Amino acid sequence: MDSQFGLMNVWAQGDFVTKAVALLLIGMSLASWIVILIKALDVIKYKRLAKHSQDFWHSEDFATALNKLGKDDSNPFRALALEGREAAAHHRNTKAHLHDALDVSDWITRALRNGIDEFTARLQTGLAILASVGSTAPFIGLFGTVWGIYHALMSIGSAGQATIDKVAGPIGEALIMTALGLAVAIPAVLGYNALVRGNKFVLTKLNSFAHDLHAYFVTGARVQSGVEATVVPLKKG
């Protein structure tokens, strides 16, 4: 491509506003890709942990089951199991607090729900960045285009030449800003949608695990739904 045209020429000929818009879009793109990569790795990790969470119930006692979830404190399934155990023990051993007005089922439900809510907030961290980039980047690029076209037309008018070869270059270069805005927004939107689907899968598995934990701490057995309504005993440890 001729050196008089292209991205380098847009940068060289652009004023402060044009360069600021370009830098802003590049920064937004870097931020969105960082969020996408980090959160995608988290979703993959949590999906793997969800798959292994079923091993928890194939144990003779709670301590053995907890060890099967590993020692990683970032494991939401392990954290939820500990929350449930602590809530059950606290309700059973403490008799001087307002929570005594709640039965053990409501108290454990509250504890597990708080644990899920905290993990949900952590899981959704960064998604607001993708949503903001996806919704604003096209308009920022369009602003850069309008600004570039305005200055291109002013330059053409002052030169007194309005032939197609004089107009096409500056106008085309200004339109690059719109393309840059779309190039930033599209990955952010696609990444946001993919991460929301992945988070929904993880939260569904976590809620199912919490339901089983609730049944275990209240009744001493895990309730399984399906064709056969059965309970799976698990000794408390």
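Read-outs throughout are calculated quantities, based only on the coordinates presented, and are distinct from any laboratory measurement. Keep in mind that what you see is a predicted model, and the values were worked out from it rather than measured. No Cβ is skipped: glycine too gets one built from the backbone with ideal geometry, and neighbour counts run over all protein chains shown.
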*When the chain is fully extended, how far beyond the present Cα-Cα distance does Lys200 get from Glu60, taking 0.36 nm per residue of separation?*
47.3 nm
*Listing Thr145, Thr178, Thr219 from the residue with the fewest other Cβ atoms within 10 Å to the one with the most, what is the order?*
Thr219, Thr178, Thr145
